[in-house]
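What follows is a short report on a single structure.
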Amino acid sequence: MSPLARVLTALLLAAGLALAAHPPVSAQDQAEKQASNKGPRLEWVELSIGGLPLKVRGGGVATLHPDAPFRVLGAKSDAWLDLGLTWRLQGFPELDLNHYHTVAKLLGPRMYDTPTLKLEVLKNDEPIGAVSLLVRLLPIDWLRRAAAAESLDDKISHTERALELTPDDSLLIERLADLYTEAARYPQAAELLASHAQSAKDPRWLERLAMLYERMGDKERAAVALSKLAATRPGDTALLERLAGLYEDLARWEEAAALLERLAEAQSGPDRAASLARLSIARQKAGQDQLALQSMEKAVRLDGGQADYWQELARLRGAAGNRQGEREALQRASILSPKDRELHLALSQAFLAAEDKRGAIKELEKVAELSPEDPAPLLALAKLYQDMGWRKALARTYERLSKLQPTDPDLAFNLAVLAFEESKHQRCLELLEPVESARPDDPEVMELKLRALLGLKRWDEVMGLAALLLDKNPHDLNLWLAVLDRMDQKAPQEAGELLALVLAKNPKSAKLWQFKAALALEAEDPAGAIEALDKAVELTPKDLKLKFQLAGLLESQGRDARALELYEAILDADPAFPQAEERYLSLRTRQLGQKNSGKP
């Protein structure tokens, strides 16, 4: 017998004896007992398990390990003479049980799926009773089977069976957790490790738990595990950085800032600068703007060659109201990263905020070079060139824009606006042609075209387009008054026609009635002017200046009574209204003189 068999036999013998002493009473046992009333009944079977004798009562159970050798030493019935007793193992009728055998050799791999074997005793070839052999596997057996398995699922299943037998075995727990991890079954691995007390104190287990939680995307529990681990290794900078990263991902900014501050204190040079830059962001997110600015200032002093540090510093300085410092930081960043379009664009905006158009132009030119297909910087440059009066630069920009996406309606519209501002009305109309096709009946496009037609004095087209635009935008009085004013100077007849259309849409506009009065006066139609001004006064009764104008016009036409009423109303509202009292007294005196002279 091998040493292993002897050890296993010794371990299992006590359990076997206990089961043999108190056999379970089953239906089969009862049937056998009834049968025994008609013949001999088995009292016991004596076995040798690993060289040690063991008596098992009839119907009892003996426990043995698959590697433990066993054989039958003898049996006893209640007959007065035990001649003719034999025994056999169910399923193995030819097996000689007088010699040693093992379950492992008998069953092979089937031993893992065969919980019991039945040993029958016969007298003269007739069964008189039986005992059960319970196959008791140990964790090591399942681990051996797991090691031999080819499938990862089988390895896991067999290791689980081993752990069921010794659920507190930490080595087995770790082994099964490794298998779960290999199979990407991270929640099971984490749950298994967390179920053992070591997970709250063992650094190795805490590290593995944190890794599993991170793979699961459960950053909250990963942070808990790493914080416990950090308490055991306070000087581990890699661990501090990792935990700080989790807090950053979780937006737990105050905790992240506390760890990053500790991390920065333990570092030097560029590493410390990087931690300070992260600390700056964490402090800003935590509402500590001043401390955030201080941290970033320290970062650029330690490592001034990082464009993103300077860019972040510029943003923080700008938020603190330090515009000059913001520009200086952006300039440093743009020098370090000369091909960063967004940096040059931000710097151009900073120069514009400082009313430094030359600086803005310089940066926008760089933006245009870095993004030659983007019309936006060219449009911005065109506006600045126009403001500065740099005609040659403006002309070059127009040329570049005209070559860039000539069929783009938005670009064409912007170019049309610029052409109009340069009084290039014909060019404006040409640029608007593709825009009208892409944006038909767009009021904004129609308005620009109307203004260009006004500039070209194409009055018939102006009238046709104005009627269409009036339907879409009837109440933009600033637009219509500007159009009417321009037409009044060059085409008063058309202006009058358009005014009638606009008044029909806005009959309560005092300004339009005033404009109509002005047109009437220009046409030497004082009666029409009085009628229009009277309507304007009716709409704005508190406008004393307008009343004064109407009174003067009435007085010029000899309608003194109505003029006096208006002067009186003006003086009642404002006794100090300029020239009102003088005009009133003059007119009143003239009326008295006429009365005394007998004139009507």
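So here's what we get for this one:
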item	result
Karplus-derived HN-Hα couplings along segment 425-433 (A = 6.51, B = -1.76, C = 1.60, θ = phi - 60°), whole Hz, x at Gly and Pro	5, 5, 4, 4, 5, 5, 5, 7, 4
Degrees, to the nearest 10: 203-216 long Cα axis against longest axis of the chain	50
Value of [θ]222 nm, deg cm²/dmol, for the chain, DSSP H segments ≥ 4, -39500 (n - 2.57) each, nearest 500	-21500 deg cm²/dmol
Cβ-placed point charges (K, R +1; D, E -1), dipole of segment 196-309 about Cα centre in debye, nearest 20	320
Listed residue pairs exceeding 26 Å between alpha carbons, taken from 490/511; 403/449; 403/490; 285/366; 55/123; 508/545	403/490; 285/366
Nearest 10 degrees, 0 to 90: helix 289-302 Cα axis against the chain principal axis	80
Residue-by-residue Karplus 3J(HN,Hα) for segment 229-241, coefficients 6.51, -1.76, 1.60, Hz, glycine and proline x	5, 4, 5, 8, 9, x, x, 7, 5, 4, 5, 4, 5
Those aspartates and glutamates that a straight Cα-Cα span of less than 20 Å connects to residue 155, excepting residues fewer than 8 apart in one chain	113, 141, 164, 168, 169, 174, 178, 182, 191
For segment 291-353, alpha-carbon Rg and Dmax in angstrom	10.7, 31
D (Stokes-Einstein, µm²/s), Kirkwood Cα radius, segment 467-518, 1.567 mPa s at 4 °C	120
Prolate/oblate/rounded call for segment 59-114, Cα gyration tensor, a/c under 1.5 rounded	prolate
Lys/Arg +1, Asp/Glu -1 at C-beta; the chain dipole; positive extreme among 548, 500, 115	115
Rg ratio (alpha-carbon, reference 2.2 N^0.38 Å) - segment 386-437	1.09
Segment 59-199 shape via C-alpha gyration tensor axes, a/c threshold 1.5	prolate
Angle in degrees between helix 357-370 and the longest Cα principal axis of the chain, rounded to the nearest 10	50
³J(HN,Hα), Karplus 6.51/-1.76/1.60, whole Hz, each residue of segment 121-128, x for Gly, Pro	10, 10, 10, 6, 6, 10, x, 10
Cross-link partners of residue 228 among lysines (Cα-Cα below 20 Å; sequence separation of 8 or more within a chain)	201, 219
Using distinct alpha-carbon pairs, which all enter the 1/r mean, Kirkwood radius of segment 269-315 in Å	10.0
Partners for residue 542 among aspartates and glutamates (Cα-Cα distance below 19 Å; same-chain residues under 8 apart left out)	531, 534, 565, 568, 572, 574, 581
Semi-axis lengths (Å, descending) of the ellipsoid that matches the C-alpha gyration tensor of segment 338-393	17, 14, 8
Extent along principal axes [Cα atoms of segment 141-320; Å; largest to smallest]	69, 28, 27
Residues 402, 227, sorted so that the one with the fewest Cβ neighbours within 10 Å comes first	402, 227
Computed FRET value (nearest 0.05) for residue 78 with residue 140, which takes r as the C-beta separation and R₀ as 45 Å	0.60
Rg over Rh [alpha-carbon atoms, Kirkwood Rh] for segment 434-573	1.08
Other-chain or far-sequence residues with amide H under 5 Å of residue 47's (modelled H)	54, 55, 56, 73
Hydrodynamic radius by Kirkwood, which averages 1/r over all alpha carbon pairs of segment 421-501, in angstrom	12.8
Cα-based convex hull volume of segment 265-412 per residue, rounded to whole Å³	117
For segment 507-600, the spread of Cα positions along each principal axis, largest first, Å	44, 30, 17
Cα pair distances in the chain, grouped into 20 Å bins until the bin that holds the longest one, percent each	13, 19, 18, 16, 13, 11, 7, 2, 0
Sum of side-chain charges, residue 494 neighbourhood, beta-carbon under 14 Å (Lys, Arg +1; Asp, Glu -1)	-2
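We did not get these values from a lab; they are worked out from the coordinates using the rules stated. Computed from a prediction, not measured in an experiment: that's the story for all the values here. No Cβ is skipped: glycine too gets one built from the backbone with ideal geometry, and neighbour counts run over all protein chains shown.
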